[in-house]
Amino acid sequence: MKIGVLALQGDFAEHIAMLKRLKVETTEVRLPEHLKGLDGLIIPGGESTTIGKLAVAYNLMEPLRTFAQRHAIWGTCAGAIFMSKDVRRDQPLLSIMDIRVERNAFGRQVDSFEADLDIPELKQATGSKEPYHAIFIRAPIIESVSGDAKILASVADGRIVAAQQGHLLATSFHPELTTDTRFHEYFLSLAD
Amino acid sequence: MEQQTGTFAVKKGLAQMLKGGVIMDVVTPEHAKIAEDAGACAVMALERVPADIRANGGVARMSDPDLILKIMDAVTIPVMAKCRIGHFVEAQILEAIGVDYIDESEVLTPADEANHINKHLFKVPFVCGCRNLGEALRRIGEGAAMIRTKGEAGTGDVVEAVRHARAVLGDIRRLTTMADEELMSFAKELGAPYELVKETKELGRMPVVNFAAGGVATPADAALMMQLGVDGVFVGSGIFKSGDPAKRAAAIVKAVTHYQDASILAEVSKNLGEPMVGRNVSQMPEAEKIAGRGW
């Protein structure tokens, strides 16, 4: 199995380090031809406006949409925003998941936080009962899911922070900033 | 399920989100929009870019909070702002208005000539400048969650940025080949906390994100710093002191992403108009250099 990480901007090196720990072959994706031969793709955290503009400038939008039809894609934070259908402002979006996202929904950087999440699917898939410790950085929330997109996780007040639609995965938080590999393992099970 | 804010993981985490990106100095909300539209991953809000601070002379202080707030309103990307070295009240004010990162910066006139701010006391993260690994690790010891090499701000001359990046990255390379019993002596030589020297050796890199700054004026300058091994680039005067800021800003963003692809670098370097005039650092009197500020 070979997993690409979109390397236009953001913490792609952190995702690559996680995949290497799991002994998965990885490559950085900056141009459309880099998608060839991949079984899945991670879109990292970063600034969604920067990532979107660079994806448009280097003709990645349509190749990414085509890739999503048959392959697993996981977006963390900015990546989740980029995969969504609607963020209520004008910026390039892949529109490959039936989710509506609100950017910077928890406030500015001083409101960034860490919290434990209860994620039943993750417990089931990995056989681990430990709560998932998540890191949120100027994080978006998933305002709503539609179609066959389903909610994977919410914070204590009920706001949605992870969703899945078939082989597509979106999280508001950053598993790549932790040492817990369970979320990456879960994504690899979708790519397999 | 309790939420914890202001942890070192979330402070350091925002810098990790900025990696592979360009942080641009802006002095008006209009500049900030141009920077965001060009693909900047963050902006530094200030009243004057370093080239103008040099030209004006006098005491350079924190910018007017009202200007910073207007810039924060204009864009959705993170907004940073500068306080003077050691001026913890300016930092308290910047935290109170909600900036996303504070740059405790040598570009402003230092308020304390012996001590930097105790950055552990703040919820907002700090970035600090360095010229070598010892200075970087002292700042991290004080709580900085991001480092930038200083370069010589406001000159458009990349030579000092290269010198400082080579010093930091070279020291890290030396460190990774040292025996453990040599670390205490190396920590003494660097003037750096032992635990951070040890951590740097184990990681094989700086424990926090490390950007380049000070003198970057062209896409090639930005890609040079990336190939030397930094995580991203600050561009101060280089954009809005040039002939076509929007075009140059977009080109530098692309150059940082495609820093290893010379054909893309050639493409983005075409027809950018006049670069900032620049000042040759080697012909500058020592008293005018600001990189030496920091203890």
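The values are calculated or read from the model by the stated rules, or taken from the named source; none is laboratory data. Just so it is clear, the structure is predicted and the values come from calculations on it, not from any experiment. Virtual Cβ from ideal backbone geometry, glycine too; neighbours counted across all protein chains shown. Only protein heavy atoms, including side chains, enter the accessible area calculation; ligands, DNA and RNA are left aside. Shrake-Rupley method; radii C 1.70, N 1.55, O 1.52, S 1.80 Å.
Quick one: in region B:3-25, which of the residues that are open to solvent by 30 Å² or more (accessible area, probe 1.4 Å) and more than 7 Å from every other protein chain (Cβ to nearest Cβ) is farthest from A:His133 (Cα to Cα)?
B:Lys12
Which residue is farthest from the other protein chains (Cβ to nearest Cβ), if the candidates are limited to region A:141-183 and must be closer than 14 Å to A:Glu121 by Cβ and either among the aromatic types (Phe, Trp, Tyr) or part of a helix (DSSP H, G or I) (or both)?
Going through the qualifying residues, I end up with A:Arg182.
Out of region A:93-140, which residues are hydrophobic (A, V, I, L, M, F, W, C), part of a strand (DSSP E or B) and surrounded by 21 or more Cβ atoms within 10 Å (Cβ to Cβ)? Outline the logic, then answer.
Quick first cut of region A:93-140, residues hydrophobic (A, V, I, L, M, F, W, C) only: A:93-94, A:96-97, A:99, A:101, A:105-106, A:110, A:113, A:115, A:117, A:119, A:122, A:125, A:134-137, A:139.
So of that shortlist, the ones also part of a strand (DSSP E or B) come out as A:99, A:101, A:113, A:115, A:117, A:134-136.
Selection gives A:Ile99, A:Val101, A:Phe113, A:Ala134, A:Ile135, A:Phe136.
Of everything in region B:26-65 that's acidic (Asp, Glu) and open to solvent by 10 Å² or more (accessible area, probe 1.4 Å), which residue is farthest from the other protein chains (Cβ to nearest Cβ)?
Out of the qualifying residues, it is B:Asp52.
Filter region B:222-272 down to residues that are within 14 Å of another protein chain (Cβ to nearest Cβ), under 19 Å from the mean Cα position of the chain (by Cα) and assigned to a loop (DSSP other than H, G, I, E, B), then give me how many there are.
Going through region B:222-272 one residue at a time, the tally reaches 5.
Could you look through region A:54-70, keep only residues that are open to solvent by less than 40 Å² (accessible area, probe 1.4 Å) and outside any helix (DSSP H, G or I), and pick out the one that is nearest to the other protein chains (Cβ to nearest Cβ)?
A:Tyr58
If I ask for residues that are out of contact with any Cys (no Cβ under 7 Å at 6 or more places or on another chain) and either within 22 Å of A:Ile96 (Cα to Cα) or at pLDDT below 95 (or both), which ones from region A:4-26 would you list?
Answer for region A:4-26, where residues must be out of contact with any Cys (no Cβ under 7 Å at 6 or more places or on another chain) and either within 22 Å of A:Ile96 (Cα to Cα) or at pLDDT below 95 (or both): A:Gly4, A:Val5, A:Leu6, A:Ala7, A:Leu8, A:Gly10, A:Asp11, A:Phe12, A:His15.
Kindly evaluate B:Lys254 against the criterion of being surrounded by fewer than 24 Cβ atoms within 10 Å (Cβ to Cβ) and either touching a residue at least 24 places away in the same chain (Cβ under 8 Å) or at negative phi (or both).
Working: surrounded by fewer than 24 Cβ atoms within 10 Å (Cβ to Cβ): no; either touching a residue at least 24 places away in the same chain (Cβ under 8 Å) or at negative phi (or both): yes.
So B:Lys254 fails the test.
Quick check, is A:Lys123 without any contact (Cβ under 8 Å) to a residue 12 or more places away in the chain and either closer than 30 Å to A:Met1 by Cβ or more than 14 Å from chain B (Cβ to nearest Cβ) (or both)? Let's see the steps before the verdict.
Values: without any contact (Cβ under 8 Å) to a residue 12 or more places away in the chain: yes; either closer than 30 Å to A:Met1 by Cβ or more than 14 Å from chain B (Cβ to nearest Cβ) (or both): yes.
Yes; evaluated as a whole, the condition is true for this residue.
If you check A:Thr49 against the conditions, is it within 9 Å of chain B (Cβ to nearest Cβ) and either aromatic (Phe, Trp, Tyr) or assigned to a helix (DSSP H, G or I) (or both)? Talk me through it step by step, then tell me what you get.
Values: within 9 Å of chain B (Cβ to nearest Cβ): yes; either aromatic (Phe, Trp, Tyr) or assigned to a helix (DSSP H, G or I) (or both): yes.
So A:Thr49 passes the test.
Step by step: first the residues of region A:71-87, then only those that are within 11 Å of another protein chain (Cβ to nearest Cβ) and assigned to a loop (DSSP other than H, G, I, E, B), then the one that is surrounded by the fewest Cβ atoms within 10 Å (Cβ to Cβ). Which residue is that?
So the residue we want is A:Val87.
When the residues of region A:56-112 are narrowed to those that are touching a Gly at 6+ places or on another chain (Cβ under 7 Å) and either basic (Lys, Arg) or without any contact (Cβ under 8 Å) to a residue 24 or more places away in the chain (or both), which ends up nearest to B:Glu95 (Cα to Cα)?
The extreme case among them is A:Val110.
Sort out which residues of region A:19-42 are more than 13 Å from every other protein chain (Cβ to nearest Cβ) and either assigned to a helix (DSSP H, G or I) or under 17 Å from B:Gly39 (Cα atoms) (or both), and write them in order of number. Outline the logic, then answer.
First, pick out the residues of region A:19-42 that are more than 13 Å from every other protein chain (Cβ to nearest Cβ): A:19-27, A:32, A:35-42.
The answer is A:Leu19, A:Lys20, A:Arg21, A:Pro32, A:Leu35.
What's the total number of residues in region B:76-95 that are under 20 Å from A:Ala139 (Cα atoms) and either free of Cβ contacts under 8 Å to residues at least 60 places away in the same chain or open to solvent by 10 Å² or more (accessible area, probe 1.4 Å) (or both)?
To start, the set of residues in region B:76-95 that are under 20 Å from A:Ala139 (Cα atoms) comprises B:76-80, B:95.
Now narrow it down to the ones that are either free of Cβ contacts under 8 Å to residues at least 60 places away in the same chain or open to solvent by 10 Å² or more (accessible area, probe 1.4 Å) (or both): B:76-77, B:79-80, B:95.
Qualifying residue count, region B:76-95: 5.
Being among the basic types (Lys, Arg) and outside any loop (DSSP other than H, G, I, E, B) is the filter here; which residues of region B:110-124 pass it?
Residues of region B:110-124 that are among the basic types (Lys, Arg), as a first pass: B:119, B:123.
Listed by number, the list holds a single entry, B:Lys119.
Look through B:Val127, B:Val99, B:Val107 and report the one residue that is in a strand (DSSP E or B) and aliphatic (A, V, I, L, M). Even if it seems obvious, please write down each step before you answer.
Working: B:Val99 fails: in a strand (DSSP E or B); B:Val107 fails: in a strand (DSSP E or B).
None of the other options fit; the residue is B:Val127.
So for region B:147-156 (the condition being over 23 Å from B:Arg48 (Cβ atoms) and touching a residue at least 60 places away in the same chain (Cβ under 8 Å)), does at least one residue qualify? Show your work before the answer.
Initially, region B:147-156 is screened for residues over 23 Å from B:Arg48 (Cβ atoms), giving B:147.
If we keep only those that are touching a residue at least 60 places away in the same chain (Cβ under 8 Å) as well, we get B:147.
Checked against the condition, which is being over 23 Å from B:Arg48 (Cβ atoms) and touching a residue at least 60 places away in the same chain (Cβ under 8 Å), region B:147-156 yields at least one hit.
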